[in-house]
Amino acid sequence: MELRKLGRTGLSISPVVFGCNVFGWTADEKTSFELLDRLFDAGFNTLDTADSYNRWVPGHVGGESEAIIGKWLKQSGYSRDKAIIVTKVGSDMGQGKKDLSAKWILEEVENSLRRLQSDYIDLYLAHWPDETVTHEETLGAFAKLKEQGKVRSIGCSNYDAGLMQESFDAAAKAGLPRYDVLQPEYNLYTRNKFEGPTGDLCIRQEIGVISYYALAAGFLTGKYRKPEDAEGAARGGRMGSYLDERGLRVLAALDQVAAETGTGLASVAIAWVAARPGITAPIASATSLKQLEAIVAAGNLKLSDDQMKRLNEAGA
């Protein structure tokens, strides 16, 4: 398994990034530690989290995922520089709105560093666009954090081509660092949020891309093939939007390629994203060691041109 260069950041990341949104939610601390042990033993090095993970769980306040990662890093025996940690700022953490103000970024980064038990963040992302503040204000705060050594690289999540270009123009005009990484939603089913103008801009500007929802909230694992399959699942409410003619066509193509490669649907779906133009690495989560093996397999799976073509056509 080879690490991948993340745009112009200087960071080398694993071909699949582990999504830690499940930590403290559908994976308790013990399970989370077991998953991290296996992940790093397999040569993977990149973890994606956010300050707001997992504020949606009853009784949680946000930061639970970061705290589990920080605790594991202290207990694991791995030195801090062996891990690439991606975390995000800008979600509602009680302010009642998305927030990319300089005041909030400079305050909240300290909370993330404390939870992560680290003195720096490898990649810090603006989680959501915030139309109430200027790009200059947000980028100015990120510039301070880079100067202080608290953040190594910066990026944005859920920005489209128009917003990204605005931010590039603002950075150039003000002499500020630009975003070097994008985190968009992208998978075999949901392709329009990245393919086209946004993907083209990332390729043209050498933007590293770490895409999320590689498995479409679990749909592309193949375990949800009819509405009743999703009843009671943590993300079951999303399945209705995938269970249409195109979704079933995608599952059929995944079934075929999985049989040919001797892997599971999840591994094929993740490997497809990893092989797409402009993508550095997809993000995928697991809540059990069995599920994690699908991610490990995906990191080592090379799909043929014919297999990629069939999958492309199924999800078109």
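Scan Leu113, Leu139, Leu123 and give me the residue that is touching a strand residue (DSSP E or B) at 6+ places or on another chain (Cβ under 9 Å) and under 16 Å from Ala171 (Cα atoms). None of the others qualify; the one that does is Leu139. In region 266-278, of all residues being surrounded by 24 or more Cβ atoms within 10 Å (Cβ to Cβ) and free of Cβ contacts under 8 Å to residues at least 60 places away in the same chain, the one that is nearest to Gln205 (Cα to Cα) corresponds to Ala271. Looking only at region 23-42, residues that are within 17 Å of Gly62 (Cβ to Cβ) and part of a helix (DSSP H, G or I) come to 2 in all.
Under the condition of being in a loop (DSSP other than H, G, I, E, B), of a type outside the set (Val, Ile, Thr) and surrounded by 16 or more Cβ atoms within 10 Å (Cβ to Cβ), the residues counted in region 43-77 number 10.
Restricting Ser167, Ser112, Ser153 to residues that are in contact with a His (Cβ under 7 Å, 6 or more places away or on another chain) and either touching a residue at least 60 places away in the same chain (Cβ under 8 Å) or in a helix (DSSP H, G or I) (or both) narrows the list to Ser167.
Scanning region 89-112 for residues that are modelled with pLDDT of 95 or more, at positive phi and more than 19 Å from the chain's Cα centre (by Cα) yields nothing. Residues in region 175-218 that are in a helix (DSSP H, G or I) and aliphatic (A, V, I, L, M) were compared, and the one that is farthest from Trp272 (Cα to Cα) is Leu201.
Pairs meeting the criteria (first residue in region 120-141 and at pLDDT below 95, second residue part of a helix (DSSP H, G or I), beta carbons under 8 Å, at least 6 apart or on different chains) are lacking. Could you please let me know if Ala252 is out of contact with any strand residue (DSSP E or B) (no Cβ under 6 Å at 6 or more places or on another chain) and crowded, with 23+ Cβ neighbours inside 10 Å? No: the conditions fail for Ala252. Of all residues in region 117-138, how many are crowded, with 24+ Cβ neighbours inside 10 Å and outside any strand (DSSP E or B)? The qualifying residues number 2.
A count restricted to region 219-244 and to residues that are at pLDDT below 80, within 16 Å of Ser285 (Cβ to Cβ) and either of a type in the set (Phe, Trp, Tyr) or outside any helix (DSSP H, G or I) (or both) stands at 3.
Total residues in region 148-169 satisfying the condition of being out of contact with any helix residue (DSSP H, G or I) (no Cβ under 9 Å at 6 or more places or on another chain) and among the small types (Gly, Ala, Ser): the figure is 3. Considering every residue within region 261-268, establish whether at least one is farther than 21 Å from Asp41 by Cβ and among the β-branched types (Val, Ile, Thr). Checking region 261-268: at least one residue is farther than 21 Å from Asp41 by Cβ and among the β-branched types (Val, Ile, Thr). Taken as a whole, the condition of being out of contact with any Lys or Arg (no Cβ under 7 Å at 6 or more places or on another chain), surrounded by fewer than 22 Cβ atoms within 10 Å (Cβ to Cβ) and either charged (D, E, K, R) or on the phi < 0 side of the Ramachandran plot (or both) applies to Glu313.
The values are calculated or read from the model by the stated rules, or taken from the named source; none is laboratory data. Worth saying up front: this structure is predicted, and the values here are computed from it rather than measured. Note that each Cβ is placed from the backbone with ideal geometry, even for glycine, and that neighbours are counted across all protein chains shown.
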